1. If R₀ is 22 angstrom, what is the calculated FRET efficiency for the pair Arg40 and Ala20, using the beta carbon separation as r and rounding to 0.05?
2. So what is the 222 nm mean residue ellipticity for the chain from helices alone, if each DSSP H run of at least 4 adds -39500 (n - 2.57) and you divide by all residues, rounding to the nearest 500 deg cm²/dmol?
3. Between (1) 0.97; (2) 1.09; (3) 1.53, which entry matches Cα Rg over 2.2 N^0.38 Å as derived from the coordinates of this structure?
4. Using a 1.4 angstrom probe on the protein heavy atoms only, could you order Ile25, Ile55 from most to least accessible area?
5. Which whole-number percentage describes the relative contact order of the chain, with Cα contacts under 8 Å and a sequence gap of 6 or more?
6. Quote the charge dipole size of the chain about the Cα centre in Debye, to the nearest 20; the model charges only the Cβ of Lys and Arg (+1) and of Asp and Glu (-1).
7. Hey, any idea what % of the chain's accessible area is carbon plus sulfur with a 1.4 Å probe?
8. Quick one: angle between helix 25-57 and the longest Cα principal axis of the chain, in degrees between 0 and 90, rounded to 10, please.
Amino acid sequence: DEVDELRNQILRELVAYMSADTSTIERALHIIRMSGNLERIADLATNIGEEVVFITEGRVLKHHQGEK
């Protein structure tokens, strides 16, 4: 969730930059794409962590946000 919020913040800020100065559009789009990729990496890392907990402890963490 934290990474999702950071990505949303990046998107909001870069849209403001692009609106203010069109010469930043290409660079901003690259950063937006990178932030999406980093968000995906974070999601995959979370999945790996959940699998490790399941394998080592037998606890299912998926779909139990409040128990993490």
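1. Numbers: r = 28 Å, r/R0 = 1.29.
Efficiency at R0 = 22 Å is approximately 0.20.
2. Details: 2 runs with 52 residues, N = 68.
It lands at -27000 deg cm²/dmol.
3. Only one option fits the structure, namely (3).
4. Numbers: Ile25 65, Ile55 130 Å².
The ranking, largest first, comes out as Ile55, Ile25.
5. Values: 27 pairs, mean separation 16.6, N = 68.
So the answer I get is 24 percent.
6. Numbers: 8 positive and 13 negative charges, 32 e Å.
Charge dipole of the chain: 160 debye, to the nearest 20.
7. On the way: 3250 of 5550 Å².
Taking all protein chains in place, the chain shows 59 percent carbon and sulfur surface.
8. 0
The values are calculated or read from the model by the stated rules, or taken from the named source; none is laboratory data. In this text, all values refer to a predicted model and were calculated from it rather than measured experimentally. Here Cβ is always computed from backbone atoms with ideal geometry, including for glycine, and neighbour counts include all displayed protein chains. Ligands, DNA and RNA are stripped out before the accessible areas are found, and what is left, the full protein with its side chains, is counted by its heavy atoms. Shrake-Rupley method; radii C 1.70, N 1.55, O 1.52, S 1.80 Å.
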